[in-house]
Structures are given as C-alpha cells and as structure tokens.
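J.: Can you read through this structure? Questions will come right after.
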Amino acid sequence: MGTTVPRQSGIGSLADYLSGASLAGLGLLGYETLRFPASLGSDGFPRAVATGAAFLFCLLASRYAARVTSAAARSALRSGAAAGVVLGTAAILGHTLEVFAALHPPIPAVLGVGMWGLMFLVLGGTSAATYRRHESGALGILSSVWGAMISAVTTVVFAFLVGLSFMARMQQVLAGAFAASGMTDGRAFVIRNMLDGASSHLLIAPAVAALAGSASVATCFLLKPVGRRTAAALAACALAVLVGGVTSLRYASSLERSARPPYVMLGLLGLGVALTSAWPLVAAMRGSRGH
C-alpha cells in the first residue's frame, strides 16, 4: 500500500524521472571526466566531486519521495514538480540560445537576469500556494526545493548532452575564455566549463529555492491580518524594490567585472524580495484567505 499510493497519484513517475535523470547525469559526468582527464586540473576535481555528490543526493531524495504516503506531501511534491518543469524548460531554451544563437550584449545578461527573476517568481509562488493550501510552512518550502531539484538536474543533464554532442560549437563559443585560461586542451576546457556550471546549478538552486520558499511563506504569514488597501500599498513598495533591483543590475552591467559584485548582489536581493512576495501580495489584495 505504501508504495502503490504515491505511484497512483503521479509521485512515483515524478520520482522515477528524477532518479533516471540523476543516474544519467552521473553516467555523463563519469564519461566526460574519464574521456578528458585534463578537465580535472586545478579546482576541476572538487567541482566534479561536488557535482557527483549533488546528483547522488537528488537520486536518494527521489527514492524517498517515491515512498511518501501523506496526501498533503504528495500535493506539495506535485506542485513543486510543475514549477520544476516550467523552470527547466526556460533554462533549456536559454542555454540553447546561448550556445547556438549569435547573441550580442546585453542579451546574455538580460537572459541571465530573466532566469533569476523567473526562479524567484515561480518558486516563491509555488511555496506560497502550497502554504495557503495546507497551512504548512515546511510543505511550502518542500515544494519549492523539489521544483529546484527537478529543474537543476534537467538543465545540467541537457547541458552535458549539448556539450558532448556539439563539442566543436562549444569550443567556438568558449574560445575567448579558453585563450585566457592557460589550458592547452580545448575540449577539456569545455568539460571544465560544464563542471563549473553543473556544480553551481546543483548546489545553488536548492539553496535559493529554500530561501525563496521561506521568504514567500513568511510573507503569507505576515499578510494574514492585512487588509486589501494595506496589501495594495505594500505591493506598490514591492514594485519600487523591483525597479530598484533591475536598475542596480543594469548599472552593474556598465562597470568593469571586478566592480560588479556589490551591485549584482543588491540587484538580485531586490528581485528576490519583490518577486517572492508577488503571489502572497496578489492573494492578499484579492482577499483570498483559503484555497
């Protein structure tokens, strides 16, 4: 009974997908590092270990999710999976454009900021909706983290496949960075670049999801006693914060790379605050108290 109920509700198939994708990621990781061992030089090896550990964690988490029998937890996982599909699809489209389209500044930066904004909006909205449905902050955060895991694993596996299948194209795209890297094997540099991106996606995405989910749940809780007019005023403040965040990011793009981090962090913080609170504020302005 404990294993068939989740599978009937769709959680089994979602867990199977994450398991399969995680195993595929581990296999691709092993192949590319064995095929191009020079990619493990410098800090490449710890990046590969971190990526492998993250894939293994996602695999174990998927097996645990397949055993969930709580109806509320299954609902949270389904909501998170839907968010993961949206984010994964957007990330795949963005990566495809970056690799195969001749994008000129500031388009790559716009795509990057847009993806961050979409993450905050979708993960925050998923967490808020789950919290309001089940009155559980833990389930709200769970839905957000589960969505980030599905999205991150999907994105990294796709990037691995593209990098290995279109190695010549990737070498062309990364030619400038390769020239400044000091490495002598262009293909190994491509793998090294993929390891950098994979470890960042797999480790940062769940952490961002936990923060976005927590912020959205906290906003929902704080807005419970708030009336529509107050919610509207707070929404106007959130919009101002959003504009400030975008302005900070735009200003950062005009600076030298070494001077950008403070403005990038400030801009992302503004995006995060504004977009994770968007769904709770809309619900409060509508006067929605229940489902």
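J.: Cα centroid distance between the stretch 10-63 and the stretch 121-155, in Å?
T.: Answer, in whole Å: 22.
J.: Nothing charged except the Cβ atoms of Lys and Arg (+1) and of Asp and Glu (-1): what's the magnitude of the dipole of the stretch 1-115 about its Cα centre? Round to the nearest 20 debye.
T.: 440 debye
J.: Next question. Return the calculated 222 nm mean residue ellipticity for the chain, to the nearest 500 deg cm²/dmol, obtained by summing -39500 (n - 2.57) across DSSP H runs with n ≥ 4 and dividing by the residue count.
T.: One gets -28500 deg cm²/dmol as the mean residue ellipticity at 222 nm.
J.: I've got another one for you. Considering the options 69, 183, 106, tell which one lies farthest towards the positive end of the dipole of the stretch 4-225, charges being +1 on Lys and Arg and -1 on Asp and Glu at the Cβ, about the Cα centre.
T.: Positive-most Cα among the choices belongs to 69.
J.: What translational D, rounded to a whole number of µm²/s, comes out for the stretch 182-237 from Stokes-Einstein when the hydrodynamic radius is the Kirkwood one over Cα pairs, at 4 °C and 1.567 mPa s?
T.: Diffusion coefficient, whole number: 87 µm²/s.
J.: Turning to a different aspect of this structure: Quick one: if the Förster radius is 30 Å, what FRET efficiency do residue 259 and residue 38 give, using the C-beta to C-beta distance and rounding to 0.05?
T.: The computed FRET efficiency comes out at 0.40.
J.: Using the 2.2 N^0.38 Å rule of thumb for compact globular proteins, work out how the stretch 4-225 stacks up: its C-alpha Rg over that value, please.
T.: 1.08
J.: Measure nothing but the geometry: give the 0 to 90° angle between the long axis through the Cα atoms of 44-66 and the longest principal axis through the Cα atoms of the chain, rounded to 10°.
T.: On a 0 to 90 degree scale, this one is about 40.
J.: Same structure again: Given axes a ≥ b ≥ c from the Cα gyration tensor, I'd like to know whether the stretch 185-291 is rounded (a/c under 1.5), prolate (a/b larger than b/c) or oblate.
T.: Judged from the Cα gyration tensor, the stretch 185-291 comes out oblate (a/c at least 1.5, b/c at or above a/b).
J.: Please say if the stretch 1-121 is rounded, prolate or oblate, where rounded means a/c under 1.5 for a ≥ b ≥ c the square roots of the C-alpha gyration tensor eigenvalues, and otherwise the choice is prolate for a/b larger than b/c and oblate otherwise?
T.: oblate
J.: Please give the length that would be gained between residue 82 and residue 103 if that part of the chain were fully extended, namely 0.36 nm times their separation in residues minus their C-alpha to C-alpha distance (nm, one decimal).
T.: Roughly 4.6 nm would be gained on extension.
Read-outs: derived from the displayed coordinates by stated rules, not from any lab. Note that this is a predicted model, so its numbers are computed, not measured. Please note: Cβ atoms are built from the backbone with ideal geometry, for glycine as well, and neighbour counts cover all protein chains shown.
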